[in-house]
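Chemist: Please see the structure below; I have some questions.
The values are calculated or read from the model by the stated rules, or taken from the named source; none is laboratory data. Predicted, not measured: the structure shown is a model, and the values here were computed from it. Cβ atoms come from the backbone with ideal geometry, glycine included; neighbour counts cover every protein chain shown. Keep in mind that these areas ignore ligands, DNA and RNA; they rest on the heavy atoms of the full protein, side chains included. Shrake-Rupley method; radii C 1.70, N 1.55, O 1.52, S 1.80 Å.
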Amino acid sequence: VGALLGSSLDYIPALALALLLAGYDYLAVFKTKHMVELAKQLDSRGAAFSILVKRGKDSIELGTGDFVIPAMLSVSFLKVSAYYALASLIGSAIGLGVMLYFLQKKKTYWPALPPVVGGCLILLAIAYFLQLFF
């Protein structure tokens, strides 16, 4: 799905969609809390649309969108250059790693898209400025 969206959208609409979804994810987890309730209900029914990451006794559930959106961004930037696609992918992975670190420390619900999209944008900005000067 991420590859299909990324190949269908240029990088600016893909970034706009990612930012909108990251904002929605933040609101849905921290403000309205409906995403937390949805996750609990799906988990209790055994119909989870998520990926379970286990570490010892702890586990973290990531929604499929948390992987689709970074894939979409990487594929849409691949149309510009492999350099930006790689920066997008690495930034998303760093954002995911930061989010997993905080999840492990806080043991609560966190939206994954804001740090994932944020990491992507930060590394894309760094890649852009590195390309300007080197």
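Chemist: Rounded to the nearest 500, what is the chain's calculated 222 nm mean residue ellipticity when only DSSP H runs of at least 4 contribute -39500 (n - 2.57) each, over all residues?
Modeler: One gets -23500 deg cm²/dmol as the mean residue ellipticity at 222 nm.
Chemist: Here is a follow-up. What's the ranking of 66-75, 123-132 by average number of surrounding C-beta atoms within 10 Å, highest first?
Modeler: Listed from highest to lowest mean packing, they are 66-75, 123-132.
Chemist: Oh, and also: Starting from the Cα of K107, draw a straight line to each of the lysines and keep only those under 17 Å, dropping any in the same chain fewer than 8 residues away.
Modeler: Within reach: K33, K40, K54, K57.
Chemist: Kindly report the accessible area of the chain per residue (heavy atoms of protein chains, probe 1.4 Å, no ligands, DNA or RNA), in Å².
Modeler: 62
Chemist: Then there is this: Looking at S88, G63, L130, which one has the Cα that reaches farthest to the positive end of the dipole of the range 45-134 (charges on Cβ: Lys, Arg +1; Asp, Glu -1)?
Modeler: It is G63.
Chemist: Right, another one. Based only on Cα atoms, what Rg/Rh ratio does the range 52-104 have, Rh being taken as Kirkwood's radius?
Modeler: Ratio value, two decimals: 1.08.
Chemist: Next up: Quantify, in whole percent, the carbon and sulfur part of the accessible surface of the range 41-134 (1.4 Å probe; protein heavy atoms only).
Modeler: 68
Chemist: Counting only trypsin sites (Lys or Arg not before Pro) that sit in a DSSP loop (anything but H, G, I, E, B) with at most 10 other Cβ atoms within 10 Å, what is the longest stretch of the chain containing none of them?
Modeler: Here the longest run is 1-56.
Chemist: Still on this model: Taking only the alpha carbons of the range 79-134, what extent do you get along each of the three principal axes, in Å, biggest first?
Modeler: That gives 42, 22, 12 Å along the principal axes, largest extent first.
Chemist: Can you give the FRET efficiency for Y83 and Y26, using 1/(1 + (r/R0)^6), R0 = 22 Å, r = Cβ-Cβ distance, to the nearest 0.05?
Modeler: Calculated transfer efficiency: 0.15.
Chemist: Right, something else. Assuming 0.36 nm per residue, please report the length gained on full extension of the stretch K105 to Q131 beyond their Cα-Cα distance.
Modeler: Once the chain is fully extended between K105 and Q131, it gains 5.8 nm.
Chemist: Report which label in [x] 30, 16, 12; [y] 28, 16, 13; [z] 21, 16, 14 holds the value of semi-axes √(5λ) of the Cα gyration tensor in Å derived from the coordinates of this structure.
Modeler: Computed from these coordinates, semi-axes √(5λ) of the Cα gyration tensor in Å corresponds to label [y].
Chemist: Each label point is 7 Å from the Cα along the Cα-to-Cβ direction; what then is the distance between the points at I51 and V98, in nm?
Modeler: 2.0
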